[in-house]
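Student: What follows is a single structure, and I will ask about it in a moment.
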Amino acid sequence: MSKDYNRSIVVKGYYQWTDLENSPGVPSMERMEQGPVAFVECTQEIPCDPCEEACPAGAIKIGENITALPVLDDEKCTGCGICIPSCPGLAIFLVEKNYTKTTSLIEIPHEYHPLPCTGDEVYCTDREGKPISSGKIIKVKTSFKNNLTPVLSVEVPQEYCLEIRGVMLKGG
Amino acid sequence: MEKTQVAIIGAGPAGLSCAVEVLKNGGKVTLLDENDRPGGQLFKQIHKFFGSREHKAGVRGIDIGNLLLQQVEEGKARVLLGSTVYGIFNRNQVAFINRGREYCLEAEKIVIATGASENPLAFPGSTLPGVMGAGAAQTLINIQRVLPGKRFIMIGSGNVGLIVSYQLLQAGAKVLAILEAAPEIGGYAVHAAKLSRAGVPFFTGYTIKYLQGNERVEEAVAVGLDANWKYIAGTEKHFEVDTVCISVGLSPLTELCWMCGCEFAYIPALGGHVPKHDQNLETSISGIYVAGDITGIEEASSAMEEGVLVGVACSESLGLITGDEASIKKKKIWNRLEQLRSGPFGKQRHEAKVVQMGGYEGSEELQ
């Protein structure tokens, strides 16, 4: 039942990992070891399906009934990240756990100005909005194809790769 | 008296979509809107819409607004802005005021697409400057490009409250808290998640108790509610804010329907008193149709579908398209509407619409 995934978010406004980890849009821990992969953090049956159409690998399935939850086939997911700006809810992220031996790379949709620049040190927040670590901006993708949703790639300590989902500028 | 085939009152998402459909079928359209700009709420909706490709999902409201306006202009609709409709007479005359002068327009079909207005909330301090509807704040930041405050509190966590809170952050404001009297957040989880990761805290089971301030809002005091909606002593929380936004639902703007004598139904799930209509969205008065939030509070995506549906129904009734063409189109639109009215958020509205239409179940395929 989808309701189980939503216990924390409907009361507190953010997911606890224990609610999210078994949801159909989240990849397996084994898959995370193998390279970049999408995290579709979408667990309410709302009428929405652009991610399914956006994925060139056919790795996200919703089906005819557009309120069904997006299901990630993590074996098919190539980690391209095209789905990230397609999501009207800004609920898709990309995690490359083994970016280096000690760091991970996370791609986050980020619709705030001013945008950080490549190389900037930023605060990284967890789902609750707590700044839990510093991170380094590796890339800032902006494109009209993305419907004006910029996507930030941020390098973070590996131990936080399941938690970091937001970026705040230092001094901003 | 000037004549038109279809007079559409309200140039928001429903009215514009209806106009485009009638124009496409070769009809003559006059669009009236009391505002100086068309588009209704679309131009302040800078976020991407949900739904499917057919609902323009992933496209921002402002871009959809521009697209519809362009189509209306290309179709050579007559658009009367700054024109407040104050009455409908003899079922076919639309009376309106423009720059202090009265006019009357004769129409074969009248579509009332007047939308909705924000519900107020009265509490100690709610008359202080700095208290406004969430929609008003959204108009200020996204249309007028004026940030009305720096530190906000949002009352209500439906999608309007969540989306406007997010857009306040984008405009450079701080949102110190979102209060929700119910035990659970009302809007979509994905909107809540965006706000949380930006550091905005949610207080479910909390309401506003009072505001303090001399010349304007300086402090908001929230309080926890028990299962009977009574204050829980000692749970007060103080927030130093300069602006309070209220988003506690919308009510359909139904005055013109009342004046015409349309039959109504009282359906809380749709926002209160709503005009009854059939599957063509024609009211109990022949030739008078409704579309968009006036038929019940939903969102712009359904308003646009309803607008197209009425456009098809008017075109059919005027003989611009055949009955066969119309029924194919209508079936597709009903399918799309039913998609938007499915799932835990939409189910209640689906059931309410069945009551409103006297038992019509929408699309059979999805039943």
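The values are calculated or read from the model by the stated rules, or taken from the named source; none is laboratory data. The structure displayed is predicted, hence computed values, not measured ones. FYI the Cβ positions are ideal-geometry reconstructions off the backbone, even for glycines, and counts take in every protein chain you see. Protein only, heavy atoms only, side chains kept; ligands, DNA and RNA dropped before computing areas. Shrake-Rupley method; radii C 1.70, N 1.55, O 1.52, S 1.80 Å.
Student: Within the range B:296-324, work out how many residues are assigned to a helix (DSSP H, G or I) and open to solvent by 50 Å² or more (accessible area, probe 1.4 Å).
Tutor: Count: 3.
Student: Here is a follow-up. Look through the range A:110-142, keep the residues that are free of Cβ contacts under 8 Å to residues at least 40 places away in the same chain and among the polar types (S, T, N, Q), and return whichever of them is nearest to the other protein chains (Cβ to nearest Cβ).
Tutor: My answer is A:S133.
Student: So for the range B:243-253 (the condition being surrounded by fewer than 22 Cβ atoms within 10 Å (Cβ to Cβ) and either more than 21 Å from B:S302 (Cβ to Cβ) or of a type in the set (D, E, K, R) (or both)), does at least one residue qualify?
Tutor: The answer is no, given that none of the residues of the range B:243-253 is surrounded by fewer than 22 Cβ atoms within 10 Å (Cβ to Cβ) and either more than 21 Å from B:S302 (Cβ to Cβ) or of a type in the set (D, E, K, R) (or both).
Student: Specify the residue that is farthest from A:L148 (Cα to Cα); the eligible residues are those in the range B:1-11 that are at pLDDT 95 or above and in a strand (DSSP E or B).
Tutor: B:K3
Student: May I pose another question? Checking the conditions here, which among A:E41, A:E45 is within 14 Å of chain B (Cβ to nearest Cβ), open to solvent by less than 20 Å² (accessible area, probe 1.4 Å) and of a type in the set (D, E, K, R)?
Tutor: A:E41
Student: Pull up the range B:329-355, narrow it to residues that are in a helix (DSSP H, G or I) and basic (K, R), then point me to the one that is nearest to B:S52 (Cα to Cα).
Tutor: B:R336
Student: Can you confirm whether B:A7 is in contact (Cβ under 8 Å) with a residue 24 or more places away in the chain and either open to solvent by less than 10 Å² (accessible area, probe 1.4 Å) or within 14 Å of chain A (Cβ to nearest Cβ) (or both)?
Tutor: yes
Student: For the range A:55-62, does any single residue satisfy the condition of being more than 11 Å from chain B (Cβ to nearest Cβ), closer than 22 Å to B:A193 by Cα and crowded, with 19+ Cβ neighbours inside 10 Å?
Tutor: Yes.
Student: Inside the range B:33-56, can you point out the residues that are free of Cβ contacts under 8 Å to residues at least 40 places away in the same chain and not charged (D, E, K, R)?
Tutor: Result: B:G39, single match.
Student: Looking only at the range A:149-156, decide whether some residue is open to solvent by 20 Å² or more (accessible area, probe 1.4 Å), charged (D, E, K, R) and touching a Phe, Trp or Tyr at 6+ places or on another chain (Cβ under 9 Å).
Tutor: For the range A:149-156, residues open to solvent by 20 Å² or more (accessible area, probe 1.4 Å), charged (D, E, K, R) and touching a Phe, Trp or Tyr at 6+ places or on another chain (Cβ under 9 Å): present.
Student: A follow-up question, please. Report every pair of residues separated by at least 6 positions or lying on different chains whose Cβ atoms are under 6 Å apart, first residue within the range B:87-107 and assigned by TED's automatic domain parsing to the domain that holds B:A7, second modelled with pLDDT under 95 and assigned to a strand (DSSP E or B).
Tutor: Within 6 Å, the pairs are B:L105/B:E2.
Student: Tell me, please, whether a residue that is within 14 Å of chain A (Cβ to nearest Cβ), at pLDDT 95 or above and assigned to a strand (DSSP E or B) can be found in the range B:157-166.
Tutor: Scanning the range B:157-166 turns up no residue that is within 14 Å of chain A (Cβ to nearest Cβ), at pLDDT 95 or above and assigned to a strand (DSSP E or B).
Student: Since B:R197 meets every condition but one in (1) under 28 Å from B:F49 (Cβ atoms); (2) open to solvent by 30 Å² or more (accessible area, probe 1.4 Å); (3) basic (K, R), which condition does it not meet?
Tutor: So the condition that B:R197 fails would be (2).
Student: Select from the range B:173-200 the residues that are in contact (Cβ under 8 Å) with a residue 12 or more places away in the chain and within 8 Å of chain A (Cβ to nearest Cβ) and list them in ascending order.
Tutor: B:I178, B:P183, B:E184, B:I185, B:Y188, B:H191, B:A192, B:K194, B:L195, B:A198, B:V200
Student: Still on this structure, I have one more. Are any residues in the range A:2-30 away from every other protein chain (no Cβ under 11 Å), of a type outside the set (F, W, Y) and open to solvent by 10 Å² or more (accessible area, probe 1.4 Å), and if so, which ones?
Tutor: A:D4, A:Q16, A:T18, A:E21, A:N22, A:P24, A:V26, A:S28, A:M29, A:E30
Okay, residues lined up against (1) open to solvent by less than 50 Å² (accessible area, probe 1.4 Å); (2) farther than 28 Å from A:P114 by Cα:
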residue	(1), (2)
B:V175	yes, no
B:P183	no, yes
B:A189	yes, no
B:A193	yes, no
B:T204	yes, yes
B:A222	yes, yes
B:A233	no, yes
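Student: Out of the residues in the range A:134-148 that are touching a Leu at 6+ places or on another chain (Cβ under 9 Å) and loosely packed, with under 15 Cβ neighbours inside 10 Å, which is nearest to A:L94 (Cα to Cα)?
Tutor: My answer is A:K139.
Matching residues to (1) open to solvent by 60 Å² or more (accessible area, probe 1.4 Å); (2) in contact with a Gly (Cβ under 6 Å, 6 or more places away or on another chain); (3) among the acidic types (D, E); (4) within 14 Å of chain A (Cβ to nearest Cβ):
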| residue | (1), (2), (3), (4) |
| --- | --- |
| B:A326 | no, no, no, no |
| B:K330 | no, no, no, no |
| B:W334 | no, yes, no, no |
| B:Q339 | no, no, no, yes |
| B:G346 | no, no, no, yes |
| B:R349 | no, no, no, yes |
| B:A352 | no, no, no, no |
| B:G358 | yes, no, no, no |
| B:E361 | yes, no, yes, no |
